[in-house]
Each structure stands twice: as C-alpha cells, then as structure tokens.
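The values are calculated or read from the model by the stated rules, or taken from the named source; none is laboratory data. Just so it is clear, the structure is predicted and the values come from calculations on it, not from any experiment. Note that we place each Cβ from the backbone using ideal geometry, even for glycine, and neighbour counts take in every protein chain shown.
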Amino acid sequence: MVTTLRRWLAPARSVPETRWRARSRWAASPSTLLTLMVGLWLFGTGEALLVDSQLGVSPWTVLAEGVDLQTGIGIGWATFFISLTVLVLWVPLRERPGLGTLANAVVIALALGLTAPVLPSPETVGWQALEVVAGIALIGLGSGLYLTCGLGPGPRDGWMTGLHQRTGLPVAAVRVLIEVSVLLAGWVLGGTVGLGTVAFALFIGPSVGYGLRLADWVGGTGTALTSADAPATEA
C-alpha cells in the first residue's frame, strides 16, 4: 500500500500512454489537438510569467546571450542557431519531429506574446518569486499535456526525451542535467544569471515529471513510454 502510494505521488519517470495519444505524429483527433493546444498555451503562459518576474531568464536564453556576447551575431540569431544545433543532436538519439514540433514554436510564442503584456509586473520580491514558481509549474503541466499527445516534442524537449530513452534515466533527472549544463555554459560565456534562472534549472525537471504524472492520473492507460513511441516499464 505504502509502495503504491509513493509510486503514484512521485514524478513520472517516463512519458505515459494516454487516451488522447495520436496514432500518428502528423495526424490527430480533435481531442488530441485540443490537449496539445492547451498544453502548449500553458507552457507559453509559464514562460511569460518567468519573463514578467524579472528574476532571470531561462538557462537557454542565458546561453543565447552568452553566444551573442562572444560572437556578436545577436541574441535572436544565437537562439536560432542553438535550436538548430539541438535539432541536429536529435539524429543520433533517433528522435523524430511531428505536428507538435511545429505547433510548439507557433503556439508557445503566441501565448507568450499575448500573455506577457497583461501580467502585473510586480515590484516586490515576494510576488516576483511567486511568478517564478507559477511559471515553472505551468511549464511542467503544459509539458505533461503536450508530450503525451504523441505528436512530437519541441526541439529542446526532444533532446530530453531522446536522452531519456537512450540512458534510461528518469525524465526529471535528464531535464535537470540538461538545464544545469546549459546554464553553466551560458554563464561561462558571459550570460546573465538570476535567481529565477537557477530556480528554473533546478526545478523544471521535477515539474515536468509531475506534469506527466498528472496526465497519467487523468488519462493514463497504464502503459509508460520512454519517448513518443518506444515502450518501457516505469519503475
């Protein structure tokens, strides 16, 4: 009984099979598309909360800032080339894109752009910290919903699921390792690190794990996947 309870209260180790999972990465039912859009919108809203908190950007933005400082190509181009590099790293991991990969770029950007202007921009550290916590939680929840649609991950999440599949490490642990490594690389290159940045790097992994667990609670079929279509046993 205690073991079962601990298992259900722990963050998911892998991507669970859900009732709304698509049969193909390029075709989906209306319910799957709705789940995908809700998940990505929550993800983008979480990103907006992190930006509005003014306590530090995500580790990937720190890396882009550091690359820009070292090369002078601009933070936009730095972000583009980093994303391109991450996609190239999909090849040895045998990760594949899908409709969700394309929607990731569009919907998250749209949610970020529409949500950020209406947020309160608090000036006290307490409220700013609350925005960081809420942002990390929403990104974790959004990730759990959209990743279980089976329509393909975003560029960085694909690296996470691919490494998870190849190493067998829990999704949360892989995500933390990635974010901390990216944060350190960006800091070494001269990127700006804030308290929110460090919090994101340390807690986004568990947040995604709990987002996947919640998706399993709501619509799980009792089967776990290590990536979008590779079966595995959940410990």
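Got a sec? Which of Ser83, Ser14, Ser24 is touching a His at 6+ places or on another chain (Cβ under 8 Å), of a type outside the set (A, V, I, L, M) and within 22 Å of Gln165 (Cβ to Cβ)? Step through it out loud before you land on a result.
Values: Ser83 fails: touching a His at 6+ places or on another chain (Cβ under 8 Å); Ser24 fails: touching a His at 6+ places or on another chain (Cβ under 8 Å).
Among Ser83, Ser14, Ser24, only Ser14 is touching a His at 6+ places or on another chain (Cβ under 8 Å), of a type outside the set (A, V, I, L, M) and within 22 Å of Gln165 (Cβ to Cβ).
Please pick out the residue among Ala116, Ala103 that is more than 19 Å from Arg25 (Cβ to Cβ), hydrophobic (A, V, I, L, M, F, W, C) and surrounded by 14 or more Cβ atoms within 10 Å (Cβ to Cβ). Steps first, please.
On the way: Ala103 fails: more than 19 Å from Arg25 (Cβ to Cβ).
It is Ala116.
Of everything in segment 134-178, what is touching a residue at least 12 places away in the same chain (Cβ under 8 Å), more than 30 Å from Pro120 (Cβ to Cβ) and either of a type in the set (Ser, Thr, Tyr) or in contact with a Lys or Arg (Cβ under 6 Å, 6 or more places away or on another chain) (or both)? Give them in sequence order.
Correct list: Thr148, Gly150, Leu151, Gly152, Met160, Thr161, Pro170.
Which ones in segment 26-55 are farther than 23 Å from Gln128 by Cα, crowded, with 16+ Cβ neighbours inside 10 Å and modelled with pLDDT under 95?
Answer for segment 26-55, where residues must be farther than 23 Å from Gln128 by Cα, crowded, with 16+ Cβ neighbours inside 10 Å and modelled with pLDDT under 95: just Ala28.
Which of the following residues is small (Gly, Ala, Ser) and touching a Gly at 6+ places or on another chain (Cβ under 7 Å): Gly152, Gly126, Gly158? Can you show your working first?
Working: Gly126 fails: touching a Gly at 6+ places or on another chain (Cβ under 7 Å); Gly158 fails: touching a Gly at 6+ places or on another chain (Cβ under 7 Å).
None of the others qualify; the one that does is Gly152.
For segment 142-178, how many residues are surrounded by 23 or more Cβ atoms within 10 Å (Cβ to Cβ), under 10 Å from the mean Cα position of the chain (by Cα) and not polar (S, T, N, Q)?
Counting residues in segment 142-178 that are surrounded by 23 or more Cβ atoms within 10 Å (Cβ to Cβ), under 10 Å from the mean Cα position of the chain (by Cα) and not polar (S, T, N, Q) gives 10.
Going through segment 123-136 one residue at a time, which ones are in contact with a helix residue (DSSP H, G or I) (Cβ under 6 Å, 6 or more places away or on another chain) and either modelled with pLDDT under 95 or among the small types (Gly, Ala, Ser) (or both)?
Residues satisfying the conditions are Ala134, Gly135.
Which one of these is of a type in the set (Ser, Thr, Tyr), in a helix (DSSP H, G or I), under 30 Å from Gln70 (Cβ atoms) and at pLDDT below 95: Thr192, Thr115, Thr161?
Working: Thr192 fails: in a helix (DSSP H, G or I); Thr115 fails: under 30 Å from Gln70 (Cβ atoms).
Just a single option satisfies the conditions, and that option is Thr161.
Filter segment 164-189 down to the residues that are touching an Asp or Glu at 6+ places or on another chain (Cβ under 9 Å) and part of a helix (DSSP H, G or I), then identify the one that is nearest to Ala10 (Cα to Cα).
Here is the first cut: in segment 164-189, the ones touching an Asp or Glu at 6+ places or on another chain (Cβ under 9 Å) are 165, 175, 186, 189.
Those left that are additionally part of a helix (DSSP H, G or I): 165, 175, 186.
Working: Gln165: 19, Arg175: 16, Gly186: 31 Å.
Per the criteria, the residue is Arg175.
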